[in-house]
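Student: Take this structure, written in structure tokens, and hold onto it; I'll ask about it next.
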Amino acid sequence: MALPRGCLAKMLSHRNPMFFSLSPLTLQPANLALHPAHSLAPSASLSNSETPSFHEPHFRWKPLCLYHCQEKCTKMDDPIHLETFNHDCSSGLTVDIAELNKIRPQNLDYFLVLDLEGRVEILEFPVLMISAKTLQLEDTFHRFVRPSKMSERRINEYIANKYGKFGVHKVWHDTAIPFTEVIQQFGVWLMRNQLWRGAELNRAAFVTCGNWDLKTKVLQQCEVSKIKLPPYFMEWVNLKDVYLNFYNRRATGMVTMMKELQIPLMGSHHLGIDDSMNIARVLQRMLLDGALIQVTARRNPNSLQKVSFLFKNRIV
């Protein structure tokens, strides 16, 4: 039997021994949802707020099962686990069908919302496939990435500092794979969704909150991993530039945009999959407000370090 919401809230509020606090904003179930194949809990981030989404007035936010979004959850038959963790990435991203007539025609069919994590090497690679017509989440790709040029001791310190505060460092260690494998799997995912046929993307574009992810970091990681930059990383949409030109006001980042648009922050900021969800919600709101989402940056194929920025007014 699934654990009633009231009982779960009561246990959390009284700091029941089966839960332990990992930060003022996050909790990790310790004994409720153990994977039989692992000696650790399927970690997930918790929000500091259950404010309903502007998309779904009665939406109750739950943390994502980070095994499930990497296709590795083995607890789908456990009702307590299912009650505790979200296994539907589209929840929180559903919009009112009656509002779709506000969307202006777009030049793209799909937006691939991406938010990389990791300053030294990439640690997390999440991508959400959003339909330009229905605004629905069509598919999700999410992988934790294991650095290739760091000692195990440095990796352990790095991950403890980065993900320990969210309570997801164990699931990272349990699932992270090298960047080369991530790119290989991501290419298969793109082809399966008919978004890529070996050259540029097909009627789709990456959407990021800033230029760093694709202008700088992915190119650096390809050099570290000794692989060529995949051709689908040649252009992207910096949502901050579109936001500036559409609303005529500057937003320095995702949190600023969400505050100005009165969209509640959900999940843990700087956990890549949660940030991607929140960026997608900003994107949905902008589309419903009538924004035209266009490519803002394009890489020079003859000199990959050189990038042309296509908007005159942009966030530097």
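Student: Return the loop-located trypsin sites (Lys or Arg not before Pro) in the stretch 200-231 (DSSP other than H, G, I, E, B) with at most 15 other Cβ atoms within 10 Å of their own Cβ; answer none if there are none.
Tutor: Counting only loop positions with at most 15 other Cβ atoms within 10 Å, the trypsin sites (Lys or Arg not before Pro) in the stretch 200-231 are R203, K226, K228.
Student: When ranked by the protection proxy of mean other Cβ atoms within 10 Å per residue, highest first, what sequence do the peptides 114-120, 156-162 form?
Tutor: Descending packing order for the listed peptides: 114-120, 156-162.
Student: At a 1.4 Å probe radius, which order do F309, F141 fall into by accessible area, largest first?
Tutor: If we order F309, F141 from most to least accessible, we get F309, F141.
Student: Can you classify the stretch 223-316 as rounded, prolate or oblate using the Cα gyration tensor, where a ≥ b ≥ c are the square roots of its eigenvalues, rounded means a/c under 1.5, and otherwise it's prolate if a/b beats b/c and oblate if not?
Tutor: In terms of gyration-tensor shape, oblate.
Student: Where a ≥ b ≥ c are the square roots of the eigenvalues of the C-alpha gyration tensor, would you call the stretch 61-186 rounded, which needs a/c under 1.5, or, failing that, prolate if a/b is larger than b/c, or oblate?
Tutor: It comes out oblate by the Cα gyration axes.
Student: For K306 and L219 in the same chain, what is the full-extension length gain: residue separation times 0.36 nm, less their Cα-Cα distance, in nm?
Tutor: 30.2 nm
Student: Of the peptides 88-94, 237-243, 310-316, how do they stack up when ordered by the mean number of other Cβ atoms within 10 Å, highest first?
Tutor: 237-243, 88-94, 310-316
Student: Expressed in nm to one decimal, what extension gain is obtained for the pair M150 and Q185 from 0.36 nm per residue of sequence separation less their Cα-Cα distance?
Tutor: 10.4 nm
The values are calculated or read from the model by the stated rules, or taken from the named source; none is laboratory data. Keep in mind that what you see is a predicted model, and the values were worked out from it rather than measured. Neighbour counts run over all protein chains shown; Cβ positions are idealised from the backbone, glycine included. With ligands, DNA and RNA removed, areas are computed over all heavy atoms of the protein, side chains included. Shrake-Rupley method; radii C 1.70, N 1.55, O 1.52, S 1.80 Å.
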